[in-house]
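The values are calculated or read from the model by the stated rules, or taken from the named source; none is laboratory data. None of the values given here were measured: they were computed from a predicted structure. Glycine also receives a Cβ, built like all others from the backbone with ideal geometry; neighbour counts cover every protein chain displayed.
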């Protein structure tokens, strides 16, 4: 494959990646706490010093998939009335949960009580208190009041404090599934004093379906266009090989 073929291939891979990211956003339009993902592409320049080309004609630009970043646009809140449904007004704050892979962080605050009085998420992961231990409530608790600072109270008195944290760079968090995030070891979580907990509400997804559908249509058109370019490039190379063989 010559240089034009590699350039077309790099654009085809980038177009495929963009389509996949947008399609994943569409699939999570109704996922609580989901933040839309955006691909970040760049151009890699390669100078062909050996090429017999005019000045400026030796530089080749390849498309490179550099990263995926998360859109931090605030998502709408839905009032549910469930005392264990929690949303965070602080857009950089996360609730901590204990998973089989260790402590993870989420904004999907739809929680319930398990049979042992532990507050858990939809996957059974335990919600953590400020000290790092699972948050537990007394059996047959009838009234749960969660304050804006994360303090948890019941009819029996104080029951604990939610572990709510933030990070120096949100883009360095690694998504695990559609709701949880993992932090690198060199970026420890920092406690949030005023997270603005909203009880009885759930943060939705910040995906805007109409906008994402338009973006997905554009991505697919671009992918088809680049695929046609790749097909024509293949035909060009095939014709060149045939001409060379006929001369022998």
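Of all residues in segment 186-224, those being without any contact (Cβ under 8 Å) to a residue 60 or more places away in the chain and within 21 Å of residue 126 (Cα to Cα) number 2.
Condition check: within 16 Å of residue 18 (Cβ to Cβ) and either under 19 Å from the mean Cα position of the chain (by Cα) or not in a helix (DSSP H, G or I) (or both). Does residue 221 satisfy that? So residue 221 fails the test. Number of residues in segment 68-78 that are assigned to a strand (DSSP E or B) and in contact with a helix residue (DSSP H, G or I) (Cβ under 7 Å, 6 or more places away or on another chain): the value is 3.
Just the residues that are within 23 Å of residue 85 (Cβ to Cβ) and loosely packed, with under 12 Cβ neighbours inside 10 Å, please, taken from segment 185-221. 193 - this is the single residue of segment 185-221 that is within 23 Å of residue 85 (Cβ to Cβ) and loosely packed, with under 12 Cβ neighbours inside 10 Å. All conditions but one from (1) modelled with pLDDT of 95 or more; (2) under 25 Å from residue 24 (Cβ atoms) apply to residue 164; the one that does not is (2). Any residue that is surrounded by fewer than 17 Cβ atoms within 10 Å (Cβ to Cβ), outside any loop (DSSP other than H, G, I, E, B) and at pLDDT 75 or above - is there at least one of those in segment 79-93? Yes, segment 79-93 contains a residue that is surrounded by fewer than 17 Cβ atoms within 10 Å (Cβ to Cβ), outside any loop (DSSP other than H, G, I, E, B) and at pLDDT 75 or above. For segment 105-119, give me each residue that is more than 22 Å from residue 149 (Cβ to Cβ) and assigned to a strand (DSSP E or B). The one that is more than 22 Å from residue 149 (Cβ to Cβ) and assigned to a strand (DSSP E or B): 112.
Taking segment 124-137 as the range and being in contact with a strand residue (DSSP E or B) (Cβ under 8 Å, 6 or more places away or on another chain) and either surrounded by 12 or more Cβ atoms within 10 Å (Cβ to Cβ) or touching a residue at least 40 places away in the same chain (Cβ under 8 Å) (or both) as the test, the residues that pass are 125, 126, 127, 128, 129, 130, 134, 135, 136, 137.
Each row is one residue, and each column tells you yes or no for (1) surrounded by 16 or more Cβ atoms within 10 Å (Cβ to Cβ); (2) touching a helix residue (DSSP H, G or I) at 6+ places or on another chain (Cβ under 7 Å); (3) modelled with pLDDT of 95 or more.
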{"site": "34", "(1), (2), (3)": "yes, no, no"}
{"site": "39", "(1), (2), (3)": "yes, yes, no"}
{"site": "46", "(1), (2), (3)": "no, no, no"}
{"site": "66", "(1), (2), (3)": "no, no, no"}
{"site": "103", "(1), (2), (3)": "yes, no, yes"}
{"site": "116", "(1), (2), (3)": "no, no, no"}
